[in-house]
Amino acid sequence: MKTLYDVQQLLKRFGIYVYVGKRLYDIEVMKIELEKLYENQLITKDDYLKAELILRREHRIEEEKAND
């Protein structure tokens, strides 16, 4: 797992499709859904941590774009 697309595919395996309309909001909703999957032991700790890092990176990139 290396990209936001990979995280989307992970969520899609559980029937979770996220589209709010603004990429920053999409990332925040994906983070919430990811946490719920991990709390319910539906994904491994390794997958959770990889996806979390990807979402943090993408969130930071989007915030930087918004501040420019």
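The values are calculated or read from the model by the stated rules, or taken from the named source; none is laboratory data. This one's a predicted model, so the numbers in the text were calculated from it and none came from an experiment. Using ideal geometry, Cβ is built from the backbone for each residue, glycine included, and neighbour counts are taken over all protein chains shown.
Out of all the residues in segment 1-46, which are more than 20 Å from residue 62 (Cα to Cα) and aliphatic (A, V, I, L, M)?
10, 11, 16, 37, 42, 43
Taking segment 49-60, which residues are of a type outside the set (D, E, K, R) and either more than 15 Å from residue 5 (Cα to Cα) or at pLDDT below 95 (or both)?
Residue satisfying the conditions is 49 alone.
For residue 50, indicate whether it is loosely packed, with under 13 Cβ neighbours inside 10 Å and among the charged types (D, E, K, R).
In short, no.
Just the residues that are in contact (Cβ under 8 Å) with a residue 40 or more places away in the chain and either of a type in the set (A, V, I, L, M) or touching a Cys at 6+ places or on another chain (Cβ under 7 Å) (or both), please, taken from segment 15-47.
First pass over segment 15-47, keeping only residues in contact (Cβ under 8 Å) with a residue 40 or more places away in the chain: 24, 47.
Hit for segment 15-47 is 24, nothing else.
Give segment 15-40 a look and list any residue that's among the hydroxyl-bearing types (Ser, Thr, Tyr) and surrounded by fewer than 16 Cβ atoms within 10 Å (Cβ to Cβ), or say none.
Narrowing segment 15-40 to residues among the hydroxyl-bearing types (Ser, Thr, Tyr): 17, 19, 25, 38.
17, 19, 25 - these are the residues of segment 15-40 that are among the hydroxyl-bearing types (Ser, Thr, Tyr) and surrounded by fewer than 16 Cβ atoms within 10 Å (Cβ to Cβ).
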